[in-house]
Structures are given as structure tokens and as C-alpha cells.
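Participant: Pasting in a structure now, in C-alpha cells, and then I'll have a few things to ask.
None of the figures in this text is laboratory data; all of them are computed from the coordinates on show. Remember, it's a predicted structure, so these values are computed and weren't measured experimentally. We place every Cβ from the backbone using ideal geometry, glycine too, and count neighbours over all the protein chains shown.
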2 protein chains.
Amino acid sequence: MDQSDTLVLDTGAAMRAVRAGLAGTVGLVPTMGYLHQGHMALVRRSREENDHTIVSIFVNPTQFGPQEDFQRYPRDPERDLSLLKKEGVDFVFMPSVPEIYPAGFDTYVAPGSIAERLEGAARPGHFRGVATVVLKLFNIVQPTRAYFGQKDAQQVAVIKKMALDLALGLEITPVPTVREPDGLAMSSRNVYLNPSEHQAALCLWRSLRAARDLWAKGERRAETLRQSMRTILESEPLARIEYVSAAYGETLQELEEIQPAAQVSLAVWIGKTRLIDNIELRV
Amino acid sequence: MDQSDTLVLDTGAAMRAVRAGLAGTVGLVPTMGYLHQGHMALVRRSREENDHTIVSIFVNPTQFGPQEDFQRYPRDPERDLSLLKKEGVDFVFMPSVPEIYPAGFDTYVAPGSIAERLEGAARPGHFRGVATVVLKLFNIVQPTRAYFGQKDAQQVAVIKKMALDLALGLEITPVPTVREPDGLAMSSRNVYLNPSEHQAALCLWRSLRAARDLWAKGERRAETLRQSMRTILESEPLARIEYVSAAYGETLQELEEIQPAAQVSLAVWIGKTRLIDNIELRV
């Protein structure tokens with residue numbers, strides 16, 4: 001396996017210069033590093049669909065609240081680079097925080113109503129930070145397509161809306177959530193879980209499947225689905241619900257009656273770890 | 001003079017398709033139409049510096065306040081196109097309002113502290129609208145360089161800051177203000193002025209020159225400059241001061257002592273017409 005071809009760039013200027021020399025299509029996979037199989041699914045999809053693939057690794061401070069886990073967010077750049085080399089990634093963009101946010105930085109992207117619900121309500125400013133850094137990465141990398149995990153479904157919706165509203169002229173491709181064999185959605189934050197918490201965290205996927213099963217049997221009352229999820233989550237002593245939602249996928253507005261393209265999602269604390277997951281209700 | 005080569009595009013998709021076929025450098029001159037010699041100076045500069053020049057004409061509703069003159073803002077697209085043809089402009093991008101702001105549009109660029117003072121304080125939301133539409137035009141047109149009149153000096157500063165903060169990777173070029181022979185800065189809004197108001201409006205340039213003359217004679221107290229401007233403006237019965245400013249050009253923070261790269265600016269109502277002007281204090 002040839003591992004010699006991955007080039008790591010740590011400034012916007014260097015990344016831009018490399019990009020200017022690339023012919024054909026370019027796929028971008030924006031990540032915060034500490035890569036897992038969910039990220040690798042994005043990378044593989046980008047490699048299939050584009051002439052070149054660029055992965056960015058940047059733990060973005062502006063999307064973390066002041067009480068959140070920016071400082072302790074897991075980082076392992078050496079392991080990340082080794083994984084990306086094995087995957088045949090051409091370029092890794094790994095800027096420092098001051099490279100992206102130099103002193104005096106104060107222009108942000110303000111996403112609209114889609115960013116106000118669910119994660120946006122629970123994490124004020126989160127999507128402003130996400131949209132801003134993603135736009136900036138897009139501007140530096142100028143990708144043809146960008147790849148995001150469906151695990152962060154609202155993030156996908158916010159970025160799609162930004163791409164449409166601001167005429168970014170690129171394709172946003174969501175990639176299905178990758179799960180552990182036991183059903184837990186892959187997340188860099190899973191490393192925070194001790195074995196009993198990991199076991200407890202399976203209630204997220206169990207409650208999503210229960211909602212899907214009710215829906216598959218014909219249940220259309222959204223509140224009944226939400227209540228079935230709450231019941232399952234509340235039976236897990238280590239779990240604390242932040243929200244459960246059954247919403248229209250495009251706007252994330254809560255539904256009374258389940259429509260096509262509905263999405264069931266939830267945020268749950270397992271001990272000190274906040275986890276999210278979701279599932280689309282689709283035939 | 002060959003007037004047959006100007007192509008008018010009214011959708012983002014059409015503009016993008018044309019742009020994709022252009023080799024070499026592209027200059028963009030964003031305007032709200034009703035073109036005057038100030039705009040023509042931008043066009044000529046762009047034509048000198050680029051292989052292709054694209055002029056956009058779009059009266060941008062989001063940069064007008066609810067009580068402002070969006071509806072009555074002067075428009076004359078036929079005359080504009082004729083002027084641009086004579087100037088040898090290759091392409092004119094003239095989208096409709098729903099083309100730029102389709103139903104449900106709600107992602108904005110939020111500029112920072114530089115947008116809060118002066119015009120930003122007098123016109124809440126103005127620079128959010130400016131930054132958003134300019135970013136969107138940049139995304140559609142993908143220019144190498146963009147040209148803006150120094151008459152709207154704070155607009156230039158806001159857009160430069162946006163280009164830096166969001167890594168737009170293009171050059172923002174300010175072009176000196178073009179004045180009538182009597183000193184009135186060219187503005188599409190000058191058409192609102194009746195002859196006696198036009199005469200009264202000369203107090204803007206008179207007060208800016210007075211401040212510059214004081215400074216040239218060695219005066220460094222910013223408040224003395226501002227006071228000299230106020231005295232001149234207050235002696236004009238048709239004028240009502242909105243603000244006078246002597247500020248650091250890059251941040252627009254008011255100065256106590258005039259520094260290099262200071263900027264004197266003002267907003268003044270002449271009857272029902274709001275005018276702005278400015279001058280740099282530079283050796």
C-alpha cells in the first residue's frame with residue numbers, strides 16, 4: 001500500500017495553491033478528526049465520486065458552547081493521518097485555530113430558522129459556528145462536492161440550506177450513519193463512554209427502532225412515536241433526555257401526523273456525554 | 001462602436017454557466033443600477049485590470065430598512081444597458097428579487113463590529129443585507145477582483161473584512177469617489193434633489209474640505225475637525241446632520257487624535273434625501 005502520496009497542508013494559502021493545480025472534480029470531507037468508520041464512509045464515497053479527495057481536520061471552537069467539550073474533544077492527528085493515507089486520500093487540510101480565526105475575526109454566517117430547533121435550541125450558536133467554518137473551508141478548498149454524515153442530520157440540513165441560499169454552487173452529499181455492531185452510531189464522542197455507559201447508550205438506537213417499528217405498523221400520530229421513545233429512554237437509569245423529536249426532515253418542524261420524509265431524532269445525555277442520533281421514516 | 005457583444009443574464013444558473021466558460025481574469029462591478037460616472041469609473045478600472053468584466057444590476061431589498069427608499073429607488077435598466085454597451089462590458093447580470101431571495105431564504109452573512117458604527121448604527125441591518133448579497137454575487141460570478149466606490153467607504157471596509165474573515169480569495173478594489181464639477185459626490189440618489197436641494201447638498205463636500213484643510217494645517221484634535229464640519233453643516237438651513245465622524249479608516253472607531261489613515265465621513269439629510277460622503281486624511 002502506497003502511503004507516500006498524502007500531502008498535509010496547514011495554511012489556507014498552501015491549500016488554495018494546491019487546489020488551484022487540481023484538474024477535474026474535488027470532493028471535500030470536513031471533519032473534526034479522531035476519525036472512525038463513519039468518517040471513512042465519507043472518504044470512500046468521495047473517492048468514488050471525484051478525481052481528488054481533500055479531508056479537513058479542524059476542531060472548530062466556534063461550534064462549541066462555553067460549557068461544552070472543546071478542550072477535551074478527542075484528538076489524535078497521527079492516527080488520523082495514518083488512516084487517511086491507507087485510504088488513499090490525496091490531501092489533508094489541517095489548519096491551526098488562529099489560521100481559521102485570526103485576531104479580530106468577526107464575520108459569521110447566520111443560518112435561519114432551520115438552525116433554531118433541536119440541536120440549535122440545545123446548543124445556542126452551534127450552527128452559526130458550523131456554517132461559518134464550513135463556508136470558510138468551502139471557500140479555501142473550492143470543492144465540487146462535500147460529504148457529511150447523516151448522523152448529524154440537522155447539520156446536513158443547515159449546510160444544504162446555506163448552500164442553496166448563498167448560491168454556493170456545489171453539491172452537499174449526506175452519507176448514511178455507520179453503526180457499531182450493537183447499533184450505537186459511530187461518533188468521536190463515544191470514546192467518553194465507559195463500558196456500562198456504552199451499554200446504556202444503546203437505548204438511543206433502541207428507541208429510534210421502536211419508533212420506526214410503530215410507524216412501519218401504520219402508526220401516524222407523531223406524539224405516540226415520541227412517547228414510545230421517551231418510555232424506552234426513561235427506563236435507562238444512566239440516560240437523561242434532552243429532546244426527542246418527530247419532525248419534517250426538510251424544516252425540522254415538529255409534526256402532529258407523520259408525513260413522508262419525516263425524521264425521528266433525539267439528544268440524550270449518558271452520564272456526562274451528550275449523544276445524538278436519528279432515523280428517517282421512509283418506505 | 002460595437003454594441004452587439006453585451007450579454008444580459010437574469011438567472012444565477014445562466015450567469016454561472018457563462019462564467020464557467022470564461023478563461024483568464026474576471027472583474028465584477030456590483031451595482032444597484034441607475035448608473036452614473038462613479039459606476040463608470042469602476043467599470044473602466046475593471047476593464048483595464050481584467051480579461052472580462054461583469055456588471056451586476058440589482059436593487060437589493062435586504063439592505064434597505066422598512067422606512068427607506070427601496071420602492072422609489074431610481075431604476076432605468078434600458079439606459080444602464082446602453083451605457084454599459086458603450087463601455088464595452090461583456091456581461092450584465094440582472095437577476096430578479098425572487099431569483100436572489102427565493103421563498104424561504106433565511107441564511108445571512110453577519111458582519112462584525114465594523115458594521116455597527118456610522119451607517120450601521122443609522123441603518124440597522126443595512127450591512128447584513130449588503131454583505132449577504134455581495135457574497136452571493138461573488139459565489140455566482142466567481143470574480144478575480146471586485147470593484148466598489150470609495151464613496152461608500154464603510155461598505156468597502158465591511159466587504160474587505162468579510163473577504164478576509166471568510167477566506168473569499170479575491171481582491172476587493174476601492175475606486176476613488178467621482179464628483180460633480182461642484183463637488184457633490186456622484187450618487188444615484190442625487191436624482192431626488194431639486195435644484196435648491198442640490199445647491200444645499202454642497203455643504204457636505206464643503207465641510208469635508210474644511211476638515212481636511214484644518215488637518216493639512218496641522219490640527220490633530222479629531223473633535224475640532226468634527227466641530228468644524230458641524231458648524232458648516234448647521235449653517236445650511238436645508239441640512240440635518242445624522243452623523244459626522246473622524247475615525248480610524250480600518251475599524252471606523254472614532255479618534256481623539258487624528259492618526260495616519262484617518263477618515264472623515266458624514267451622513268446628512270437634505271430635505272427627504274439622505275446623503276453620505278467621506279474623505280481620507282492622507283499625505
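Participant: Quote the FRET efficiency, to the nearest 0.05, computed for residue A:113 versus residue A:259 with a Förster distance R0 of 25 Å and r equal to the Cβ-Cβ distance.
Facilitator: 0.90
Participant: Using a 10 Å cut-off on Cβ to Cβ distances, tally the other chain neighbours for every residue of B:139-148 and report the average as a whole number.
Facilitator: The shielding value for this peptide is 2.
Participant: Can I ask one more? How shielded is A:101-108 by partner chains, expressed as the average number of their Cβ atoms within 10 Å of its Cβ atoms?
Facilitator: Mean partner-chain Cβ count within 10 Å for A:101-108: 6.
Participant: Charges only on Cβ, +1 for Lys and Arg, -1 for Asp and Glu: so what's the dipole of the stretch A:188-277 about the Cα centre, in debye to the nearest 20?
Facilitator: Here the size comes out at about 240 debye.
Participant: Quick one: 3J(HN,Hα) in Hz for the stretch A:108-119, Karplus 6.51/-1.76/1.60 with θ = phi - 60°, rounded, Gly and Pro as x.
Facilitator: Each residue's phi maps through the Karplus curve to give 10, 8, 9, x, x, 4, 5, 8, 8, 8, 6, 4 Hz.
Participant: Provide the FRET efficiency to the nearest 0.05 for the residue B:23-residue B:75 pair, computing r from the beta carbons and using R0 = 30 Å.
Facilitator: Between residue B:23 and residue B:75 the formula returns 0.35.
Participant: Among residues other than residue B:21 whose Cβ falls under 14 Å from its Cβ, what is the net charge (Lys/Arg +1, Asp/Glu -1)?
Facilitator: Cβ neighbours under 14 Å give a net charge of 0.
Participant: Considering only the other residues whose Cβ falls under 10 Å of the Cβ of residue A:255, what net charge follows from Lys and Arg at +1 and Asp and Glu at -1?
Facilitator: -1
Participant: Still on this structure, I have one more. With each pseudo-label sitting 7 Å past Cα toward Cβ, what's the residue B:250-residue B:13 distance in nm, one decimal?
Facilitator: 4.5
Participant: When each copy gets a label point 7 Å from Cα toward the beta-carbon at residue A:66, what are the spacings between them in nm, shortest first?
Facilitator: So the distances to the same position in the other copies read 3.2 nm.
Participant: Over chain B, calculate the relative contact order: mean separation of alpha carbon pairs under 8 Å at least 6 apart, over the residue count, as a percent.
Facilitator: The value is 17 percent.
Participant: Considering only DSSP beta bridges with both partners in the stretch B:126-283, what is the antiparallel share in %, to the nearest 5?
Facilitator: The answer is about 80 percent antiparallel.
Participant: Could you tell me whether the stretch B:151-276 comes out rounded, prolate or oblate from its Cα gyration tensor? Rule is a ≥ b ≥ c as square roots of the eigenvalues, rounded for a/c under 1.5, then prolate if a/b exceeds b/c, otherwise oblate.
Facilitator: Because a/c hits 1.5 or more and a/b fails to exceed b/c, the stretch B:151-276 counts as oblate.
Participant: What is the average number of partner chain Cβ atoms found within 10 Å of a Cβ in A:155-163?
Facilitator: Partner Cβ neighbours, averaged per residue: 1.
Participant: So, one more: Using a ≥ b ≥ c from the Cα gyration tensor of the stretch A:25-182 (square roots of the eigenvalues), is it rounded, prolate or oblate, where a/c under 1.5 gives rounded and otherwise the larger of a/b and b/c decides, a/b for prolate?
Facilitator: rounded
Participant: Check which residues have an amide H placed less than 5 Å from residue A:148's amide H, if you skip close sequence neighbours.
Facilitator: Hits under the 5 Å cutoff: A:173, A:175.
Participant: Grab the DSSP H runs of chain A that are 4 residues or longer, score each as -39,500 (n - 2.57), total them, divide by all residues and round the 222 nm result to the nearest 500 deg cm²/dmol.
Facilitator: Result for chain A, helices only: -11500 deg cm²/dmol.
Participant: Using 1/(1 + (r/R0)^6) with R0 = 25 angstrom and r between the beta carbons of residue A:227 and residue A:198, what's the FRET efficiency to the nearest 0.05?
Facilitator: 0.45
Participant: Sticking with this structure for a sec: Spin-label point model (7 Å from Cα, Cβ direction): what's the residue B:5 to residue A:48 distance in nm?
Facilitator: 4.7
Participant: Right, something else. Please report the spacing between the Cα centers of the stretch A:27-77 and the stretch B:160-224 in Å, no decimals.
Facilitator: Computed from Cα coordinates, the inter-centre distance equals 47 Å.
Participant: Right, something else. Would you mind checking which residues have amide H under 5 Å from residue A:242's amide H? H placed 1.01 Å from N; only 5 or more apart, or other chain.
Facilitator: The list, which skips near neighbours in sequence, is A:267, A:268, A:269.
Participant: Let me ask something else about it. Count the DSSP beta bridges whose two residues both fall in chain B, then state the antiparallel fraction as a percent rounded to the nearest 5.
Facilitator: 50
Participant: Can you grab the distance from the C-alpha centre of the stretch A:101-130 to the C-alpha centre of the stretch B:248-283, Å, no decimals?
Facilitator: So the two Cα centres are separated by 32 Å.
Participant: Still on this model: For the rotation bringing B onto A, which B residue has its Cβ nearest the axis, and at how many Å?
Facilitator: For the rotation taking chain B to chain A, the closest Cβ gives B:110, 2.
Participant: By the scheme Lys and Arg +1, Asp and Glu -1, what is the net charge of all other residues having a beta-carbon under 14 Å from that of residue A:103?
Facilitator: Overall, the nearby charge balance is -3.
Participant: Taking the alpha-carbon distance from residue A:160 and a cut-off under 21 Å, which lysines remain once sequence neighbours fewer than 8 residues away in the same chain are dropped?
Facilitator: Output for residue A:160: A:136, A:151, B:136.
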